[in-house]
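Participant: Next up is a structure, given as C-alpha cells.
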Amino acid sequence: MGEKPLTIGVLALQGAFIEHINVLKSLGADVYEIRQKSDLKARHYDGLVLPGGESTTQSNLLKKVGLFDEIQRLIEEGMPVLATCAGAILLSENVVGGERHLATLPVTIKRNAYGRQLGSFITSGSFGTIENVPMNFIRAPYFESVNDPEVKILSKIDDKIVAVQYKNQLAMSFHPEVSEDKRIHKYFLGI
C-alpha cells in the first residue's frame, strides 16, 4: 500500500491557478480549487497555493467570499503555502506601491518592480540548492528587504531578491508554474 498523496488547495478566485493545479497533479498531489469558505472547510489540506494574478483583486475577493481571515489564520498556524507573484504580495507584511494584505511574511516587497507588461522577461537562476531554474517574470515584484533573520533568501537575480522562505511560507516573484520545470513545486511538496 503506497503513501497517501498530499492534498493541496489552490486559491482559484483570479489569476494563474490552473497552471499550478496541472503541475501539482502531475506530481501526484490531490488538488482542489478553493473558491469559497466552504471549499476550505470541506476537507483537510496539507498545503495552499496563492497564485499570480492581481493582488488587490485577490485580496478583495478573499474578503468578499469570507476566506481572508481563515487563510491568514491557517498560514499563521503553520499551513505550508506556495505564493507566486501576486500571491507573494498578498503574504508580504510591507508593500511598496500598494496596500498590505495577509501580512504573514516578514518582508518588504515592491509591486511591478520591473515595470508593466513590457518589462516582463525570462531568465534562469538558482533557487536554494536547485540550479538552473527557469524564471518567468510577468509584471513582477521583487523583495526589497527581509525583515526577520529567519527569512531565507533562496534566489537573487541581478542583486534583487526574487524568492524567499520563512518557516512554512515559500514566496517568489516569478512564475515556476508556466515552465516545464517542476522542481520548485516538488520542493514545496517536501515542506
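No lab work stands behind these numbers, since they all come straight from the coordinates. Computed from a predicted model, the values in this text were never measured in an experiment. Reconstructed Cβ throughout: ideal geometry from the backbone, glycine too, with neighbour counts over all protein chains shown.
Participant: So what is the 222 nm mean residue ellipticity for the chain from helices alone, if each DSSP H run of at least 4 adds -39500 (n - 2.57) and you divide by all residues, rounding to the nearest 500 deg cm²/dmol?
Facilitator: So the calculated ellipticity at 222 nm is -6500 deg cm²/dmol.
Participant: Segment 65-115: which trypsin sites (Lys or Arg not before Pro) are DSSP loop and have at most 10 other beta-carbon atoms within 10 angstrom?
Facilitator: Those that pass, being in a loop and sparsely packed, number zero.
Participant: Follow-up. Of K41/K64; K152/K182; K4/K156, which ones are farther than 27 Å apart at the Cα?
Facilitator: Flagged as over cut-off: K4/K156.
Participant: Quick one: what are the phi-derived ³J(HN,Hα) couplings along segment 86-102, Karplus 6.51/-1.76/1.60 with θ = phi - 60°, whole Hz, x for glycine and proline?
Facilitator: Using θ = phi - 60°, the values come out as 4, x, 5, 5, 4, 6, 5, 6, 10, 10, 7, x, x, 9, 7, 10, 5 Hz.
Participant: List S179, S92, S145 from most exposed to least, where exposure is judged by having the fewest other Cβ atoms within 10 Å.
Facilitator: Arranged by neighbour count, lowest to highest, S179, S92, S145 become S145, S179, S92.
Participant: Does segment 7-190 come out rounded, prolate or oblate, given a ≥ b ≥ c as the square roots of the eigenvalues of its C-alpha gyration tensor, rounded meaning a/c under 1.5 and, failing that, prolate meaning a/b above b/c?
Facilitator: Because its axes are fairly even, with a/c under 1.5, segment 7-190 counts as rounded.
Participant: Which stretch or stretches of segment 163-186 have amide N atoms under 14 Å from the point lying 7 Å from I18's Cα along the Cα→Cβ direction?
Facilitator: Flagged as within label range: 178.
Participant: Further, regarding this structure: Taking neighbour counts of Cβ atoms within 10 Å as a proxy for exposure, in what order, fewest first, do I71, I184 appear?
Facilitator: I71, I184
Participant: Compare T123, T56, T108 in a GNM of the chain, Cα atoms joined below 10 Å, and give the one with the largest fluctuation.
Facilitator: For the chain, modelled as a Gaussian network with Cα springs under 10 Å, the answer is T123.
Participant: Alpha carbon centre of segment 69-96 versus segment 7-27: separation in Å?
Facilitator: Computed from Cα coordinates, the inter-centre distance equals 16 Å.
Participant: Out of A163, A140, A103, any idea which swings most in a Gaussian network model of the chain, alpha carbons joined below 10 Å?
Facilitator: Highest fluctuation of the listed residues: A103.
Participant: A further question on this structure: From the phi of every residue in segment 47-53, what ³J(HN,Hα) in whole Hz does the Karplus formula 6.51 cos²θ - 1.76 cosθ + 1.60 yield, where θ is phi - 60° and glycine or proline is x?
Facilitator: Residue by residue, segment 47-53 yields x, 10, 10, 10, x, x, x Hz.
Participant: Something else now. Quick one: order E76, E144, E99 by neighbouring beta-carbon count within 10 Å, fewest to most.
Facilitator: Listing E76, E144, E99 from fewest to most nearby Cβ atoms yields E99, E76, E144.
Participant: Of I161, P106, T56, which is farthest towards the positive pole of the chain's charge dipole, taken about the Cα centre with +1 and -1 on the beta-carbons of Lys, Arg and Asp, Glu respectively?
Facilitator: T56
Participant: Add +1 for every Lys or Arg and -1 for every Asp or Glu among the other residues with Cβ under 12 Å from the Cβ of K160, and state the total.
Facilitator: Surrounding charge for K160 is -1.
Participant: Pulled fully out, how much extra length does the chain show between T108 and I122, if you take 0.36 nm times their separation in residues and subtract their Cα-Cα distance?
Facilitator: 2.7 nm
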